[in-house]
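J.: Structure provided below as structure tokens; questions to follow.
The values are calculated or read from the model by the stated rules, or taken from the named source; none is laboratory data. Everything numeric in this text was worked out from a predicted model, so none of it was measured. Don't worry about glycine lacking a Cβ; one is built from the backbone with ideal geometry, like all the others, and counts go over all protein chains shown. These area figures cover heavy atoms from the full protein model, side chains too; ligands, DNA and RNA do not enter into them. Shrake-Rupley method; radii C 1.70, N 1.55, O 1.52, S 1.80 Å.
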Amino acid sequence: MNTTILRKSVLGIAGLAFAGGLAAGPLHHATTTDTGTGDARPVAAVQADKTVDSGKLIPHGVQGAQSRIDLDAEQTTNAKAIIAATKKTGLDERAAVISIGTALQESKLENLGHLGDRNDHDSLGLFQQRPSSGWGTPEQITDPQYATTAFLKGLRQVDGWQDMPLTDAAQTVQVSAYPDAYAQWEQQAADLVTQHWNNS
């Protein structure tokens, strides 16, 4: 066989293999997430050292075992509303992580109304703020932008909040009976900020 023909055949086969590899994509499995619109989109695997700038979003690393819940469209919209309100106040991504982590603990990112006996007194909204404690009217507290802005106003009054672990910053504002409970949501909060910060 002519060496020129042989070389062209080998190069052609290699080119097909390369093009096939590009068309097929990487060999690892991509996870998908439902964006709430019914279309599943690939997302990067959640790894603190690759997906999240831990120096900015999680400066102390996560504390303890982390919890994670699947979010529906309403919960995702509420996370985006928290991010948008944080940006509007001029605060950075770390403030959004603290806010979302707090709301994940308090309400699982559900804008809760009055739950009767299942509720803590008159706590309402994403952050379970209480009208009787001066957080605002029930209508204000159940407005995600208002509730986030009120939470961030409290956060700004905490000296050194930027350098605190999430659970300490959140507890100083919220004064919860379970002060360490916020820590478990830090990774998911950071992932949500990473995913939505630039489009909220």
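J.: In the stretch 134-200, which helices (runs of 4 or more DSSP H) lie fully inside it and hold 3 or more residues that are of a type outside the set (A, V, I, L, M), open to solvent by 20 Å² or more (accessible area, probe 1.4 Å) and over 12 Å from Ser99 (Cα atoms)?
T.: Values: elements: 138-141, 144-156, 166-174, 186-196.
In the stretch 134-200, the matching helices (runs of 4 or more DSSP H) lie at 138-141, 186-196.
J.: Looking at (1) in contact with a helix residue (DSSP H, G or I) (Cβ under 9 Å, 6 or more places away or on another chain); (2) small (Gly, Ala, Ser); (3) under 20 Å from Ser200 (Cβ atoms), which is the only condition Ser123 fails?
T.: Just one mismatch for Ser123, condition (3).
For every residue, the table says whether it meets (1) under 17 Å from Ala183 (Cα atoms); (2) at pLDDT 95 or above.
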residue: Ser123; (1), (2): no, no
residue: Ser132; (1), (2): no, no
residue: Trp135; (1), (2): no, no
residue: Pro138; (1), (2): no, no
residue: Thr148; (1), (2): no, yes
residue: Leu155; (1), (2): yes, yes
residue: Gly160; (1), (2): no, no
residue: Met164; (1), (2): yes, no
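J.: Now, a different point. Do we find a residue being over 22 Å from Gly61 (Cβ atoms), open to solvent by 40 Å² or more (accessible area, probe 1.4 Å) and in a helix (DSSP H, G or I) anywhere in the stretch 89-105?
T.: Within the stretch 89-105 (the criterion being over 22 Å from Gly61 (Cβ atoms), open to solvent by 40 Å² or more (accessible area, probe 1.4 Å) and in a helix (DSSP H, G or I)), the answer is no, since none of the residues qualifies.
J.: Condition first: modelled with pLDDT of 90 or more and of a type in the set (A, V, I, L, M). Now tell me which residues in the stretch 101-121 satisfy that.
T.: So in the stretch 101-121, the residues modelled with pLDDT of 90 or more come out as 101-111.
Matches in the stretch 101-121: Ala103, Leu104, Leu109.
J.: Next question. Any idea which of Lys153, Lys87, Lys108 is under 15 Å from His196 (Cα atoms) and of a type in the set (D, E, K, R)? Spell out the reasoning first.
T.: Details: Lys153 fails: under 15 Å from His196 (Cα atoms); Lys108 fails: under 15 Å from His196 (Cα atoms).
Of Lys153, Lys87, Lys108, the one residue that is under 15 Å from His196 (Cα atoms) and of a type in the set (D, E, K, R) is Lys87.
J.: If we keep just the residues of the stretch 50-88 that are in a helix (DSSP H, G or I) and of a type in the set (A, V, I, L, M, F, W, C), which is surrounded by the most Cβ atoms within 10 Å (Cβ to Cβ)?
T.: Restricting attention to the stretch 50-88, the residues satisfying the condition of being in a helix (DSSP H, G or I) are 54-57, 73-88.
The next check asks that each one be of a type in the set (A, V, I, L, M, F, W, C); those that pass are 57, 73, 79, 81-85.
Working: Leu57: 24, Ala73: 12, Ala79: 26, Ala81: 20, Ile82: 32, Ile83: 25, Ala84: 18, Ala85: 24.
The residue in question is Ile82.
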